[in-house]
Each structure stands twice: as C-alpha cells, then as structure tokens.
Amino acid sequence: MTLERWFRRKKPTKGDDDSSPVGLWLKCESCNAQIYRKDLVANLYVCPECKHHYRMPVDARLSLLIDEGSFEQWSGSVQAVDPLEFVDQEAYPERLKRAQEKFGRKDAIVTGSGLLDGLPVAISVMDFFFLGGSMGSVVGEEIARAAERAAKENRAFIAVTASGGARMQEGALSLMQMAKTTVALDYLAEKQLPFISLLTDPTAGGTTASFATLGDIIIAEPKALICFAGQRVIQQTIKQELPEGFQRSEFLLEKGMLDDVLERAHLKEKLAAYIRLLSGRMGKPNVEVAHAAAL
Ligand SMILES: [Zn+2]
C-alpha cells in the first residue's frame, strides 16, 4: 500500500455514525496537512495548520465550556417510541438501539447544568454523530425541559447545535418539536435570563428554523454550514446560481443573521462575557465585554 493510500484510508469521514477523525495521523480535509491525531484533539479538534474546525464530540464540548467538576447531567430519562413503525433500510427502533449502544446515551443530545467561568448555566449539546443530530421527540423534549429548568434555577441557557434537522423516522412528531422548543424559551424570556445559541457545523432544517436561531445572541463557529434547505435544493427551486459560501458562518454574519463568529479557542471567555453583559453582572469593563458591547 502506498503511503498516500494509507493516509486516504485514515481520512476522517463525515458519516453520521463516526464520532471523530480516526487513526494516528490524518490528512486535514481543508489544507491537506498531515496532522498527528493527538495534536488535533489537544488543539480542541482544530487543525493546527489552517484552523479548520472539525466536528467536536459532545464530551469534549462540555469539557471546553463547563468548569471542571461542575457538570450535572439532566438528560437521559426519556426514550423515543416508534409510533409510525418506520422502516427504511432498517427498522427505526433497531437503528436507534445501535446508536444508543455505540454512544452510550438515549438520544442525540446531552443537557445539564454547570458553571461557565463561575457563572451558573444550563447547557444542551446536540450530537451530530448520533443519527445526524436529528431532532425527534426526545431531543425536543430534553431541550424544552432544560430551558424550563434553567428558568426555574435562574441559569443562563446555552444551546450548542449540530443537527441535520428533523428526524424523519418520527414524521410529524419531529416537526412539533420546533414549536415545543420555541415555546419553552419563553420561560427564560419571562425571567430575563440570557439564551445564547452556539451554532456548529452543521446546523440545518428544523433545528435552524426553531430554537437555534432564537438566541438573544447567536454565535457560530468558523465556516460552519448553517441552513434550512441544502444548496442543491435551493438552486433547483429558484433556478439561480448561488453566491460562494452563502450558507457558511462568515456569509451569514455579514448578512446579519449571526451576531458573532468565534474560534473555538476563544469560545468560553467570550460566552462568559456575553452572559455577564446580558445578566447585568458586568464587573469592571475589560476587553471581552468591550467586544460584546460593540455589537
Ligand atoms: Zn488544516
């Protein structure tokens, strides 16, 4: 086997059942640099050469944002049913069970509470590797419960999204989650608690069209794909050429759909600054707060 083929074989895949780049070495899908996998993980799943942001596993995301030892998990007590008895290449319950066994959780989301730079927060993190992060009845219910509980406990709420959209195997029940999650955010609004959306690659469909884009502040990671329908569908519908990168973070920031695009390395400090700003807990002005205030 040639060296080139060996690297190609080890290249990270984008499939919905792969958790992260695999192998000791990998070739960066953006700049083609050879990267040692441990370096990539240590660098928060960001290419050290070109800063390409790879998709991040849920546990790593929680470690990045939540103060060590402060996380308490809320999710995991509800389980999806199969009202449509949906079968495609395999029956939905079997597909779900396989994902549950592989990832050790009930569905494509983890919610819980913790401290972010000492601030009490609730957080939900979607898992794109679990059935494409699709929002079925469990994902919607967990987000709604987390928002409601955050309001009760006077916590800011941070929703980290990574989702292909609604879960087709649950049909209309999936679509109802859009309304459910949206309404649940009212509990936070009533108590004037901050809700911050952090959109990561990819955020699409019903997730984009509901709670994900309702944040008091909407942040995305660099070059994340954020859309409702995919590029090809839009192109075929309106029969027009679409501008380069029109569904990526930077383009959406320019057009006003996002408030900020932040590199992963600065996420925690900036999130803390935004929460302090929105909560009226600002101490002495500092660089982060000045940045937030400039928006
Ligand atoms: Zn790279």
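The values are calculated or read from the model by the stated rules, or taken from the named source; none is laboratory data. Just so it is clear, the model here is predicted, and its values are computed rather than measured. Cβ placement follows ideal geometry from the backbone for every residue including glycine, while neighbour counts extend to all protein chains displayed.
For the stretch 78-95, residues that are surrounded by fewer than 14 Cβ atoms within 10 Å (Cβ to Cβ) and free of Cβ contacts under 8 Å to residues at least 12 places away in the same chain total 5.
Considering each of L193, L278, L199 in turn, give the residue that is crowded, with 22+ Cβ neighbours inside 10 Å, of a type in the set (A, V, I, L, M) and touching a residue at least 60 places away in the same chain (Cβ under 8 Å). Talk me through it step by step, then tell me what you get.
Working: L278 fails: crowded, with 22+ Cβ neighbours inside 10 Å; L199 fails: touching a residue at least 60 places away in the same chain (Cβ under 8 Å).
So the residue among L193, L278, L199 that is crowded, with 22+ Cβ neighbours inside 10 Å, of a type in the set (A, V, I, L, M) and touching a residue at least 60 places away in the same chain (Cβ under 8 Å) is L193.
Residues considered: G171, G140, G114. Of these, the only one that is farther than 22 Å from Q192 by Cβ and surrounded by 15 or more Cβ atoms within 10 Å (Cβ to Cβ) is G140. Within the stretch 40-58, residues that are within 14 Å of the ligand (Cβ to nearest atom) reach partners that are of a type in the set (K, R) and in a loop (DSSP other than H, G, I, E, B) with beta carbons closer than 7 Å, at six or more positions or on different chains, in the pairs H53/K223. Is it the case, given these coordinates, that C28 is surrounded by 17 or more Cβ atoms within 10 Å (Cβ to Cβ) and within 16 Å of the ligand (Cβ to nearest atom)? So C28 fits the description; yes. A99 meets all of the listed conditions (1) at pLDDT below 95; (2) surrounded by 15 or more Cβ atoms within 10 Å (Cβ to Cβ); (3) in the same structural domain as V138 (by TED's automatic domain parsing) but one, namely (1).
The single condition among (1) polar (S, T, N, Q); (2) assigned to a loop (DSSP other than H, G, I, E, B); (3) under 28 Å from F71 (Cα atoms) that Q240 does not meet is (3).
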